[in-house]
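Working notes for the structure below.
The values are calculated or read from the model by the stated rules, or taken from the named source; none is laboratory data. Small disclaimer: the values here were computed from a predicted structure and weren't measured. Every residue, glycine as well, gets a Cβ built from its backbone with ideal geometry; the counts of neighbours run over all protein chains shown. Heavy atoms of the whole protein, side chains included, go into the accessibility calculation; ligands, DNA and RNA do not. Shrake-Rupley method; radii C 1.70, N 1.55, O 1.52, S 1.80 Å.
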Amino acid sequence: MTWKIPLSDIAMGREEDDAVRDVLRSRWLSMGPVTEEFEAAFARYLGVKHAFAVSNGTAALHIAHAVLGIGMGDEVITPSLTFVATANSILYCGAKPVFADIGGRDDLNVSWEEIAAKVTGRTRAITVVHYGGYACDMRPIMEIARDHDLRVVEDTAHAVGAAYGGQKCGTIGDIGCFSFFANKNLSTGEGGMIVTDDDRLAEKIRTMRSHGMTTLTWDRHRGHGYSYDVTDLGYNYRTSEVASALGIVQLRHLEQNNERRRRIVGRYRGALAGIEQIECPFPGKTNGDSSYHIFPVVLSADLPRAGFQAALKERGVQTSIHYPPVHLFTYYKRLLGDTQGSLPKTEFVGEHEVTLPLYPGMTDDDVEYVCTAVEEAASG
Ligand SMILES: *Cc1c(COP(=O)(O)O)cnc(C)c1O
């Protein structure tokens, strides 16, 4: 199926082509100097001490929970309205994800009140997700963490470039985890980054992403030692020089692309404001603090989603759903019990949310086309 307006599209050009060709000609493809350059540029951009490139965002989340010492018997509070990788990464460590509800139909982020209500003697961490690129309310969340001595992981997969109170998302909690998957704001096909200001955690992250080894192939190539020790149970979560070369160029264009996304969202909001059965969450969040990763709308209960999405499909407009709630998946029900009804706001959004196309290359005419299609789809 070829869409008239796809859900998302990568913004890439000649600079990326050139950067990849330079890596191929260098004949050094595994993690090395280009990755070091990408990490330094990313850390500088965020204003954080340490940044480690990894193979994908899920690997970043796994390492984050592992280096925080989260394990068997521990609980981690996290939203259910997220991509399954957030909760999976907690399970990888043997801990239990405890799901907290969102703020409501107009605030799809996990709510600090709901987090506070889920804290028990076993809680070790809070893993937030900045849904759609809109920052969670981090001030009260960090207060809860301080009061109960909990660690905070930020799943920043949607929120590269976003900020909260002037501080970049991913640098507020103990560790920030980014994804550079093909549909993210900064894309390298597959890729991710872990950031932290904590020197002790940084050392653990550095070794864990490469088998717990004390040196890299690149270090030995440069003559920095012949051997290595293994100090931890690590993984192969390394990235490649090709991905890092793409990342360097993509990072240079990020602000400009996020600004274009902001303008598109402004147009969407204006055009859809008059449609009664459609609510645009995060009203008022228009000042550029968001990275505007996706454009979610919530349909009223009397507008069936399947028919709405089918009508858009007929008009060549691709849509998606963010997200089917994690606690309702078969595997999670089998593991944690059937808790349907326990997160009413998440479940409502899980049934009534539709994600409309959003990418920097969308023209104003494209946005107008989608809005007209939405209006027709909503009026049946
Ligand atoms: C994309 C995404 C991830 C996982 O990232 P990958 O790079 O695909 O492993 C995790 N959490 C959220 C919220 C995401 O959107």
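For this structure, a couple of remarks:
- Look at where the Cα atoms of segment 321-380 and of segment 264-293 average out, and the two centres are 15 Å apart.
- Tensor-based shape of segment 127-226 (alpha-carbon gyration tensor, a/c under 1.5 rounded, otherwise prolate or oblate): oblate
- Most mobile listed residue (Glu37, Glu75, Glu241) in the chain, GNM with C-alpha springs under 10 Å: Glu37
- Heavy-atom accessible surface of segment 1-135: percent carbon and sulfur, 1.4 Å: 52
- Per residue, segment 14-252 exposes 40 Å² of accessible surface when a 1.4 Å probe is rolled over the protein heavy atoms with every protein chain present.
- Once you reduce segment 197-257 and segment 54-118 to the center of their Cα atoms, the two points are 24 Å from each other.
- Positive end of the dipole of the chain (Cβ unit charges, origin at the Cα centre): among Ala11, Thr196, Thr120, the Cα lying farthest that way belongs to Thr196.
- Computed over segment 255-379, the P(r) curve from all C-alpha pair distances, binned at 5 Å from the origin, holds 2, 10, 19, 21, 18, 13, 9, 5, 2, 0 percent per bin.
- A 1.4 Å probe run over segment 255-379, with the rest of the protein chains in place, finds 46 Å² accessible per residue.
- Mean separation of Cα contacts under 8 Å, 6 or more apart, over the residue count of the chain: relative contact order %: 23
- Net charge over other residues, Cβ less than 11 angstrom from the Cβ of His327 (K, R count +1; D, E count -1): -2
- Arg25/Asp302 FRET efficiency (R0 56 Å; Cβ-Cβ; nearest 0.05): 0.40
- Shown in residue order for segment 205-221 are the 3J(HN,Hα) couplings computed by the Karplus curve 6.51 cos²θ - 1.76 cosθ + 1.60 at θ = phi - 60°: 4, 4, 7, 4, 6, 9, 6, x, 7, 7, 9, 9, 3, 4, 4, 5, 4 Hz (x for Gly and Pro).
- Of Lys96/Lys204; Lys96/Lys285; Lys204/Lys333; Lys168/Lys333; Lys204/Lys345; Lys4/Lys333, pairs whose Cα-Cα distance is over 28 Å: Lys96/Lys285; Lys204/Lys333; Lys168/Lys333; Lys204/Lys345; Lys4/Lys333
- Rounded percent of accessible protein surface that carbon and sulfur make up, segment 255-379, 1.4 Å probe: 47
- The alpha carbons of the chain stretch over 70, 54, 37 Å along the principal axes, in descending order.
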